[in-house]
Every structure is written in structure tokens, then in C-alpha cells.
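Have a look at the structure below before the remarks.
The values are calculated or read from the model by the stated rules, or taken from the named source; none is laboratory data. Owing to the predicted nature of the structure, the values given are computational and were not obtained by experimental measurement. Cβ sites come from the backbone with ideal geometry, for glycine too, and all protein chains shown count toward neighbours. All accessible areas refer to the heavy atoms of the entire protein, side chains included, with ligands and DNA or RNA removed. Shrake-Rupley method; radii C 1.70, N 1.55, O 1.52, S 1.80 Å.
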Amino acid sequence: MEHKHHVTVPIVPLRGGVVFPGVTTTISIGRRRSLAAAQEAVERGGELLILVQYNAEVELPKRRPRPGWHPGHRTRRAAHPHMGVQMLVELHRRVQFVGLETAEPFLTGQYSELPDADEGEDSPIITEAIAYLEQYADALGEANQQVMATTRSKDSAGELADYIAGLLNLPFETEVELLATVNGEKRLEITITFLKQELRITEVRNKIQQDARAGADKAQREYLLREQMRAIRKELGEDGESVPDELRKKIDEAGMPEDVQERAIKELKRLEYQGQQSAEASVIRTYLEWLTELPWNKATADNLDIHHVRDVLDEDHYGLEDVKDRIVEYVAVRKLAGTKMRGAIINLNGPPGVGKTSIATSVARAIGRELVRISLGGVRDEAEIRGHRRTYIGAIPGRIIRALRDAETRNPVIVLDEIDKVGTDWRGDPSSALLEVLDPEQNSNFTDHYLEVPFDLSQVIFITTSNQLSTIPAPLLDRMETITMPGYIEEEKVAIADGYLLPKQLEGHGIGNIEVTLPQASLQHLIRYYTREAGVRNLERSIGSVVRKIAVKVAGGEAGPFSVTPDEITDYLGPTKFRYGIAEEQDEVGVVTGLAVNSFGGDTLPIEVSLSEGNGKITLTGSLGDVMRESAQAALTYARANARALGLEPTIFDKVNIHVHVPDGATPKDGPSAGIGMATAIISAFTRRPVRRDVAMTGEVTLRGKVLAIGGLKSKTIAAHRAGIKTVLLPNDNAKDIPELPDSIRKELELIPVSHLDEVLAIALLPGSEAPFTVAGGNEGLNVPLPKASSGSGIPPLRADNS
């Protein structure tokens with residue numbers, strides 16, 4: 001049907017929905033053309049044609065032959081939000097869209113009027129629509145008297161359909177269908193169909209909610225009763241906050257396992273029956289507070305980027321490649337296996353000051369976990385680990401549970417510091433209690449004596465530290481993966497001092513902004529002559545002393561920069577404390593450089609043998625243990641058994657007294673690794689062949705002269721390198737450990753594996769300028785110079801068997 005009367009007006013395409021005649025609403029205008037069209041409509045008197053845009057993504061829409069409607073557009077209020085203009089408009093009537101005329105600077109087009117298809121009032125269908133609308137509003141619980149009054153005031157089916165459509169949240173296609181339908185009765189029928197459908201959905205939803213509400217009646221009743229009890233306590237002047245209710249809420253929020261929650265609810269009921277004035281109430285309340293404060297389901301997300309982890313570890317520590325590789329391996333496996341992988345249990349064993357505790361801190365930072373440190377030094381009570389039972393006054397959980405409470409996560413890094421110094425007495429054995437904690441097969445159900453419920457420790461990373469393994473019980477040591485940290489070589493100490501210790505001391509003394517440098521020569525001077533340690537603690541203290549001297553200069557007005565020379569090191573720190581270089585000044589008879597290792601790292605061990613006229617006695621001094629004494633006896637027996645092969649008279653051993661001394665006398669020493677050193681010193685004293693001063697040796701000797709394997713090779717070779725030794729003799733069975741030594745050690749030391757004492761003597765002994773020792777007529781004295789060593793420590797001599 002064609003209409004002759006065409007009107008040209010500005011056009012605004014509406015996207016995202018449909019609006020209907022007879023209502024006043026706001027529309028959002030954001031496009032440039034739409035804003036210009038709205039402004040033009042205001043200037044012309046308010047006439048604006050609004051069309052429905054089907055595709056909201058199109059910026060410049062094109063015509064589709066659909067009916068539209070034309071509202072009189074009167075601006076009531078305009079706001080300017082972030083995305084455009086909000087304009088209040090009155091929507092008048094539907095019109096027939098004829099076509100577009102212009103697109104710039106805004107859309108304009110023509111429309112024609114539509115005939116009114118409403119046939120006046122249609123009471124039956126209007127009444128039905130109003131009735132359904134009232135039922136729908138009641139079902140939603142949103143009945144509004146003003147809306148219902150407006151609904152009843154509509155005269156025709158079309159007006160009522162448009163009004164109801166504006167109230168409901170209709171699907172877009174339904175809205176378009178209503179807008180395109182000219183006949184009012186048909187529009188109302190479509191609206192009633194939607195109302196019936198929505199009413200059925202709402203009734204089903206209400207029934208489901210009503211059933212669920214009926215199931216919660218008991219909880220609602222208990223809640224109301226508790227509220228009444230709270231009000232009664234408040235009237236009685238008691239605390240208005242219900243302790244059981246507060247604990248019940250915490251129990252619900254704690255995320256406990258089902259069996260633990262049942263235990264907590266049971267204890268809570270006991271608390272309610274006991275009353276607040278009961279003596280046991282405080283015990284139960286404390287117990288429940290511990291249960292609710294534990295991180296049952298709280299865990300931090302691991303940073304599984306192995307490159308990030310490695311970068312953080314390298315940033316915090318120099319060297320320590322074994323430890324770093326192990327942590328990177330853990331992160332890699334965790335990334336692949338997820339929560340199937342249990343937490344790592346690692347023991348870092350090494351002398352003080354090598355960074356055992358600090359590397360554990362870096363591990364936590366690299367992975368993104370919380371860190372808790374537990375010092376076990378001097379702990380003698382088993383209850384420190386497992387907690388006290390609740391029957392004792394003042395009982396609390398053990399340190400493991402307390403650490404988890406403090407960390408507020410179930411997968412922290414727990415550092416058990418100084419695990420080798422755990423004691424044992426009548427109160428129990430803490431190391432035995434640690435067996436469950438550090439066993440991956442058991443710690444998923446660790447039970448504290450105080451809690452009496454299992455807690456999962458399988459996701460915790462345990463890092464223990466120790467100075468020596470000999471004091472750790474074998475079952476406990478078997479549960480841990482031990483990584484040895486023997487100490488740093490000189491090059492590593494120089495790098496650590498320059499990159500870590502010096503900046504730290506400068507910041508700590510308030511001169512971090514001052515340029516202070518310690519050249520490599522100064523650091524080497526400081527390390528060689530003022531420290532003798534496996535770690536870097538004394539080195540850090542010495543650097544701190546130097547920095548304080550510079551801080552005095554800065555406070556006195558000097559601006560720097562400062563470069564500290566070796567001579568200034570001596571001025572700041574005083575005379576040198578240690579001697580660096582060859583352990584002995586010259587090749588001597590009866591003096592051998594051995595190698596030892598203890599909880600403080602490796603060290604050289606001079607062994608001295610002196611002969612004097614006598615009747616075959618052997619004296620051992622220097623605080624030697626039983627094993628070391630037996631090594632000396634075995635070395636002497638080998639020399640007696642092979643006397644003729646060595647160019648000696650067998651009877652000579654019955655005519656002289658032998659004194660073996662190992663300085664310094666105040667330091668206890670034990671172990672079999674000095675066997676070849678003692679044998680070489682004894683044979684050197686009898687054959688009068690000097691021992692090379694640049695040779696150090698370590699190895700156990702048998703009666704047949706075989707050289708057996710020893711431990712601590714890395715620490716011993718580091719000590720030899722530090723002392724200026726050039727050649728190290730080691731057991732052939734330890735040759736497999738040579739590739740694990742630092743590169744600088746392997747390059748600068750000549751490492752010679754030996755399997756028999758004959759090989760040791762061939763390398764270590766120089767040709768003698770005097771004949772082997774003999775005694776003529778029993779009266780000829782010894783002509784062997786005594787080693788320059790301190791006297792014996794007074795240990796009763798051991799008498800050798802006479803042959």
C-alpha cells in the first residue's frame with residue numbers, strides 16, 4: 001500500500017534493543033551521525049525517526065523493508081557518560097519507513113503514516129492480559145500498584161500490548177515481531193503467549209525454591225533460637241557475641257576434611273553443653289581455635305617457570321650448582337606431574353657460612369612459597385615436634401603445626417635448621433619424632449599429639465641443614481636427600497665478596513651511594529691472610545670492618561670514590577692472622593702434610609714423627625681418637641713388616657722410641673684417612689728421606705699397604721689448594737670423584753690416584769742425603785733433627801709389640 005504523504009526527518013538507528021510507543025525512556029546515542037541527527041531534531045522542534053538496527057556491528061546501516069515507528073522527540077535531560085549521550089525521549093507512534101535520503105552529516109529519510117488497526121476496546125482479551133500480568137507480577141513478588149493502574153487505564157489492545165512489552169524483558173526477535181505487527185489484537189496475543197510461558201517457568205522456579213526452603217527450616221529454626229539466646233545473654237549483661245556461633249562459623253569456613261570437621265563439631269557440642277563458666281571450656285575453645293586457624297585448604301600457587309627459578313637462585317647465590325640443579329629439577333617435575341608429586345625433603349650438609357639457610361630462603365622466593373624456619377639446635381623434647389597432649393596444662397601443638405599456622409598455607413617451605421644438633425634425654429628423642437615428618441610415605445597423615453587429627457604434609461618442601469652427618473641417626477638420614485656443600489674456593493669467595501658481601505655491607509653502613517671498590521688483589525689479600533674458613537662469614541665481618549673505616553672517612557667529609565689497596569687492608573685490619581702458601585717452609589724428614597675434614601670444612605693436617613733412643617715404645621699425641629691411633633699402629637706394623645725392602649734392619653724398631661704428633665694438640669682428631677700420611681712420616685723418619693713439602697695426601701692404609709677410599713675429597717682438595725699445595729695423593733677408589741671437583745681445583749692441583757703405599761713413597765719421598773737410621777752397639781745416638789713442633793699433649797703412650 002502506498003502513501004502519498006511523505007515526511008523527511010533525521011534518523012537515529014537504534015542497536016541493542018527495541019522500544020515501543022506510548023512510553024518515555026532514555027536512549028544511548030554514541031555515533032557521530034546519530035549525535036548530529038539528534039542535534040538537528042532538537043533544532044527543528046523535536047521530530048526524530050528511530051529505526052531498529054539488526055546488526056549492531058555495522059557502523060553505517062542500510063535499509064531493510066520493515067515497518068518502523070516515529071516518536072515525537074522532546075529532550076528532557078541529556079547526560080554525557082563515557083560512551084556517548086543519554087537522551088530522554090517520548091515515543092509517540094509507529095510509522096512506515098519509506099527510504100534513506102542522505103548519509104552525511106547524519107542520516108535522513110522519509111516515512112509515511114500507518115492506519116490505526118485497533119478496533120476499539122476489546123474487553124475479553126484485555127482482561128485476560130491484565131490477569132496474566134497480575135499473576136506474573138505476584139509470582140515474581142514485584143507487584144506495583146501504579147503499574148497495574150496504568151495497565152488498566154489503556155483503552156485498546158494495541159496500547160496495552162505496547163505498554164506490557166515495554167515492561168517485560170522480551171527476546172529481541174519477539175520485540176521486532178511486536179514492533180512490525182500493526183494489528184493491536186495480534187500484538188496482545190503475542191504478549192499473552194510470552195506471559196503464559198514466563199508464568200509457567202516462574203511457577204516451577206518458585207516450587208523448587210520452596211522445596212529448598214523447606215529443607216532449610218531446621219537450620220533456620222536453630223538460627224532463630226541462637227539469636228534468641230544471644231538476646232537473652234545480652235539482657236543478662238553477658239558477652240553479646242556467642243562463642244559457639246563464632247566457632248561454628250569458623251569451622252564452616254575452614255575447609256576441613258570431613259573426618260576433621262566431624263571431630264570439630266563434636267568438640268563444639270561439648271563446649272555448648274559445658275557452658276562458658278566451665279573449667280574445661282577454655283581448653284576446648286583453644287583446641288577449636290587451633291583447628292580453625294590451620295590452612296586445611298589454603299595453598300599458594302607455585303611459580304613453575306624454571307628459567308625464573310634459576311634466575312632468582314643465581315641472583316641470590318654464587319655457585320652452589322648442585323643445590324640449584326636439584327631445585328630446578330623439582331620445579332620441572334612439579335610442572336609435569338602436578339599435585340601427584342610429593343614435596344621434596346632435602347638435607348644441605350656443609351660447614352658454617354656456606355649459605356645453607358640463605359639458599360633455602362631463595363628457594364621459597366623463587367618458587368613463590370611462604371618460608372618458615374625452625375631451629376632444632378638444642379631441642380631435646382619430643383613434644384617440640386609432635387606437641388603436648390591436651391591433658392597437660394598449657395599444652396600447645398608442636399613446631400611443625402605452629403609453622404603451618406604461621407605460614408597460612410599448606411605448602412610452605414619449612415627449613416629445619418641444625419638438624420644434626422638435636423639432643424636426646426629422658427623427655428624423648430626428637431629425631432625419632434622427625435621420622436614421620438620427613439618420610440614421604442607417612443607425612444600425608446601426620447598426627448600431632450595436641451590436635452589428634454591427621455594433617456597432610458606431603459606438599460611441604462622440607463629443607464634441613466647440618467654441619468656433619470655423623471650425629472644424625474641413620475634412619476633419619478636415610479629419609480633425606482643429602483646435598484653436600486663443602487665450601488668455596490678462593491675464586492668463588494672473590495666473586496661472592498665483590499657481588500654480594502661488599503654491596504650488602506655498604507648498604508648496612510649507610511654508604512650505599514658511595515663508590516667503594518675492593519680490587520681483586522685486595523680481596524685475595526683479605527681472603528688469604530685474614531680468613532681461613534670454608535664459608536664466608538669471617539670474610540663478611542672483615543669486609544664490614546673495612547667498610548666501617550671508610551664510613552668514618554665519609555662522615556668526616558671525604559666524598560670518595562674509594563679504592564682499597566692490599567696495604568690499606570693491612571692498615572685497617574692490623575697484622576695478618578694467617579699464613580698463605582706452602583704448609584711447610586722446606587722439605588723435612590718425618591714431616592708429612594695430611595688432609596682432614598670437619599664440620600668447619602677441610603684443612604691441612606701436619607703429621608710429625610720423631611725418633612729417639614729407647615726400647616720400641618710408640619707415643620701418639622695431638623688429641624687423637626681411637627681410630628686414628630689404630631691407623632698409626634697399622635702404619636708402624638707395615639714399616640716393620642717391610643723393613644728390609646725399605647733398606648732398614650728389622651731390629652731397629654726395638655731400639656728406638658717413636659713419637660707421632662699431629663698439631664694442634666687442642667683440636668680432637670679421629671678417622672682413618674691419615675693412615676698413608678702416618679706411614680709415610682714413619683718411613684721417612686727411619687730412612688732419613690725428606691718428604692716433599694708441596695705434596696699432601698689422604699687415604700686409609702692396611703697392613704698390606706693397600707690404600708682405601710676416604711670421604712670429604714672436595715673439602716680436602718679445597719683446603720690443599722688454599723694452602724698452596726701442588727700435588728695431592730688420593731686413593732684410587734676416589735678417582736671417580738675427581739670430575740665433581742671445581743674446575744680450578746682440577747686445573748691447578750695435580751691429583752694422583754694411588755692404590756698402594758709403594759706408589760705414595762715413590763712420589764712423596766725425595767732421595768736422602770744420609771743413610772737409613774741404624775743403631776751400632778746400642779749406644780749410637782740418633783742424628784735426626786727434631787721437627788719444629790709443639791710438645792705432646794701428655795696422652796699416655798701406647799707400647800708397640802716387640803718383634
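The distance between label points at Arg31 and Ala395 comes to 7.7 nm (points 7 Å beyond Cα on the Cα→Cβ vector). The apolar share of the surface of the range 534-612, taken as the fraction of accessible area on carbon and sulfur atoms (1.4 Å probe, ligands and nucleic acids excluded), comes to 49 percent. At R0 = 30 Å, how high is the FRET efficiency between Ile201 and Asp252 if r is their beta carbon distance? Nearest 0.05 is fine. Once the sixth-power term is evaluated, E becomes 0.35. Computed from the C-beta positions of Glu481 and Tyr273, the FRET efficiency with R₀ = 51 Å rounds to 0.55. Remark on the chain: Rg and Dmax equal 46.3, 156 Å (Cα only). Taking Lys and Arg as +1 and Asp and Glu as -1, the other residues whose beta-carbon sits under 15 Å from that of Asn445 total -4.
Please go through the residue pairs Lys324/Lys493; Lys504/Lys747; Lys324/Lys356; Lys493/Lys553 and name each one whose alpha carbons sit more than 21 Å apart in this structure.
On the way: Lys324/Lys493 18 Å; Lys504/Lys747 32 Å; Lys324/Lys356 12 Å; Lys493/Lys553 27 Å.
Violating the 21 Å limit, Cα to Cα: Lys504/Lys747; Lys493/Lys553.
Expressed as a whole percent, how much of the Cα-Cα distance distribution for the range 608-718 exceeds 23 Å? The calculated P(r) of the range 608-718 puts 25 percent of pairs beyond 23 Å. Compute the long axis of helix 243-254 from its Cα atoms, compare it with the longest principal axis of the Cα atoms of the chain, and write down the angle in degrees, 0 to 90, nearest 10. The angle comes out at about 80 degrees.
DSSP bridge analysis restricted to the range 370-504 gives an antiparallel fraction near 25%, rounded to the nearest 5. Rounded to the nearest 10 degrees, the angle from helix 123-140 to the longest Cα principal axis of the chain is 20 degrees.
Please list 197-203, 32-38, 247-253 highest first by mean number of surrounding beta-carbon atoms within 10 Å per residue. Walk me through the numbers before you get to the answer.
Details: 197-203: 13.6, 32-38: 19.7, 247-253: 15.7.
Packing proxy ranking, top to bottom: 32-38, 247-253, 197-203.
With all pairs of different C-alpha atoms in the average, the Kirkwood value for the hydrodynamic radius of the range 150-189 is 10.1 Å. Were the residues from Ala337 through Arg310 laid out at 0.36 nm apart, the gain over their Cα-Cα distance would be 7.8 nm. Think of a 1.4 Å ball rolled over the protein heavy atoms: the chain then has 49 Å² of accessible area per residue.
Calculated FRET efficiency, Ala231 to Thr174, Cβ-Cβ distance, R0 = 51 Å: about 0.45 to the nearest 0.05. Residues of the range 8-43 with backbone nitrogen within less than 16 Å of a virtual label 7 Å along the Cα-to-Cβ line of Glu101, please, listed as ranges. Under 16 Å, as judged by backbone N against the label point of Glu101, lie 8-12, 37-38, 40-43 of the range 8-43.
Among beta bridges from DSSP that stay inside the chain, the antiparallel ones total about 55%.
What ranking do 515-523, 632-640, 389-397 get when scored by the average of other Cβ atoms within 10 Å per residue, highest first? All intermediate terms of the calculation are to be shown ahead of the outcome.
Numbers: 515-523: 16.7, 632-640: 22.2, 389-397: 12.7.
Final packing ranking: 632-640, 515-523, 389-397.
In straight-distance terms, cross-link reach from Lys249 covers every one of the lysines whose alpha-carbon lies under 27 Å from its own, apart from those fewer than eight places away in the same chain; here that gives Lys218, Lys234, Lys266, Lys269, Lys298. Note on the range 300-396: Cα-only Rg and Dmax are 16.8, 51 Å.
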